[in-house]
Amino acid sequence: MSQASFRAYVDESADEGFKFRSKPGDTGSSDWFVLTALVSQGATDAETVKIIDRIREEFDLHPRKHVHWLKLKHQQKVRYSQVIAGLQVSILSVCVHKPSLVEREKFEKRYNLYFYTARYLMERLSWLARDYHAPQRYGGDGTLDVQFSNRQGMSCEEMKSYLRLLESRKKLGHDIRIDFDYMKITQLSTQTPGRSMGLQLADAAAGATFNALERDRYGNTEPRYFQTLRPVVYSKHNRMTGYGLKILPREALANMSARDEYRWLADS
């Protein structure tokens with residue numbers, strides 16, 4: 001039986017609501033929804049994800065403690081990002097600026113925003129597998145095992161059904177850019193982050209990306225964590241934007257270029 005070449009862990013940051021804040025500091029939905037994958041080589045994945053044990057030790061946490069990005073202090077987040085940036089991994093994020101979405105009512109329906117974001121993430125995961133498959137060095141069949149963080153109320157089968165729909169549409173000639181030779185629907189699974197060290201790493205990568213985009217209560221963003229992760233963000237043709245960092249919809253990216261808090265995007 002063939003073995004997958006890559007192991008991808010997928011987690012999200014923020015919420016899927018559309019009741020936005022009128023100004024920073026108000027309660028309400030986040031402007032951004034982020035879905036992130038952290039990818040390791042299948043042959044070395046078990047050793048890669050054990051870095052969580054080192055993080056627990058450095059942060060003086062219980063050996064079985066779930067390392068949750070939101071509960072860490074700034075200094076810990078900086079250090080955590082530094083450690084991940086030293087791993088043999090790739091990070092991919094799809095980031096949706098919800099206020100910029102056209103026909104917003106479509107995305108308010110159950111899971112539509114999540115599936116919309118996941119489609120673009122699956123595209124990029126399949127491209128990464130296609131680009132980086134090196135059987136002589138790492139072995140495997142070129143495919144990905146993809147583990148999603150459990151979502152309350154949504155089953156793994158619902159995600160698989162959505163991807164089967166996309167696969168069938170692609171066969172009919174629709175513009176579906178997932179390469180299903182590398183993204184095998186049968187190789188999708190779910191797990192709770194507390195039971196998956198890989199998902200805890202993905203949680204950190206998603207949180208770092210979200211912090212670089214979302215304004216805090218004072219109207220500021222914090223790009224330092226993401227900039228620290230930059231060496232392991234998936235790039236192609238020396239470009240990160242559109243590959244390891246996909247921003248949707250297109251209009252959102254155009255509007256960001258003139259804003260000081262997103263100046264870090266200029267070199268991507």
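Derivation of every value follows stated rules applied to the coordinates shown; laboratory data play no part. Since this is a predicted model, take the numbers as computed values, not measurements. Positions of Cβ are generated from backbone atoms using ideal geometry, with glycine treated the same way; all protein chains shown enter the neighbour counts.
Kindly establish whether residue 114 is in contact with a strand residue (DSSP E or B) (Cβ under 7 Å, 6 or more places away or on another chain) and aromatic (Phe, Trp, Tyr).
no
For residue 146, state whether it is touching a residue at least 24 places away in the same chain (Cβ under 8 Å), touching a strand residue (DSSP E or B) at 6+ places or on another chain (Cβ under 6 Å) and under 28 Å from residue 253 (Cβ atoms). Spelling it out, residue 146 is indeed touching a residue at least 24 places away in the same chain (Cβ under 8 Å), touching a strand residue (DSSP E or B) at 6+ places or on another chain (Cβ under 6 Å) and under 28 Å from residue 253 (Cβ atoms).
Yes/no per residue for (1) in contact (Cβ under 8 Å) with a residue 24 or more places away in the chain; (2) more than 15 Å from residue 91 (Cβ to Cβ); (3) buried (at least 19 other Cβ atoms within 10 Å of the Cβ); (4) out of contact with any Gly (no Cβ under 6 Å at 6 or more places or on another chain):
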| site | (1), (2), (3), (4) |
| --- | --- |
| 209 | yes, no, yes, yes |
| 213 | yes, no, yes, yes |
| 233 | yes, no, yes, no |
| 245 | yes, no, yes, yes |
| 248 | yes, yes, no, yes |
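Checking each residue in the stretch 175-206 for being outside any helix (DSSP H, G or I), of a type outside the set (A, V, I, L, M), in contact with a helix residue (DSSP H, G or I) (Cβ under 8 Å, 6 or more places away or on another chain) and closer than 19 Å to residue 94 by Cβ picks out 177, 179, 180, 182, 190.
Just checking, does the stretch 220-234 include any residue being assigned to a helix (DSSP H, G or I), among the aromatic types (Phe, Trp, Tyr) and either farther than 27 Å from residue 104 by Cβ or touching a Leu at 6+ places or on another chain (Cβ under 8 Å) (or both)? Scanning the stretch 220-234, I find at least one residue that is assigned to a helix (DSSP H, G or I), among the aromatic types (Phe, Trp, Tyr) and either farther than 27 Å from residue 104 by Cβ or touching a Leu at 6+ places or on another chain (Cβ under 8 Å) (or both), so the answer is yes. Annotation note: Cβ proximity below 9 Å between a residue of the stretch 77-102 that is without any contact (Cβ under 8 Å) to a residue 60 or more places away in the chain and closer than 21 Å to residue 148 by Cα and a residue that is of a type in the set (A, V, I, L, M) and part of a helix (DSSP H, G or I) (sequence gap 6+ or interchain) occurs for 88/232. Screening residue 190 on (1) within 22 Å of residue 87 (Cβ to Cβ); (2) touching a strand residue (DSSP E or B) at 6+ places or on another chain (Cβ under 6 Å) shows it passes everything except condition (1).
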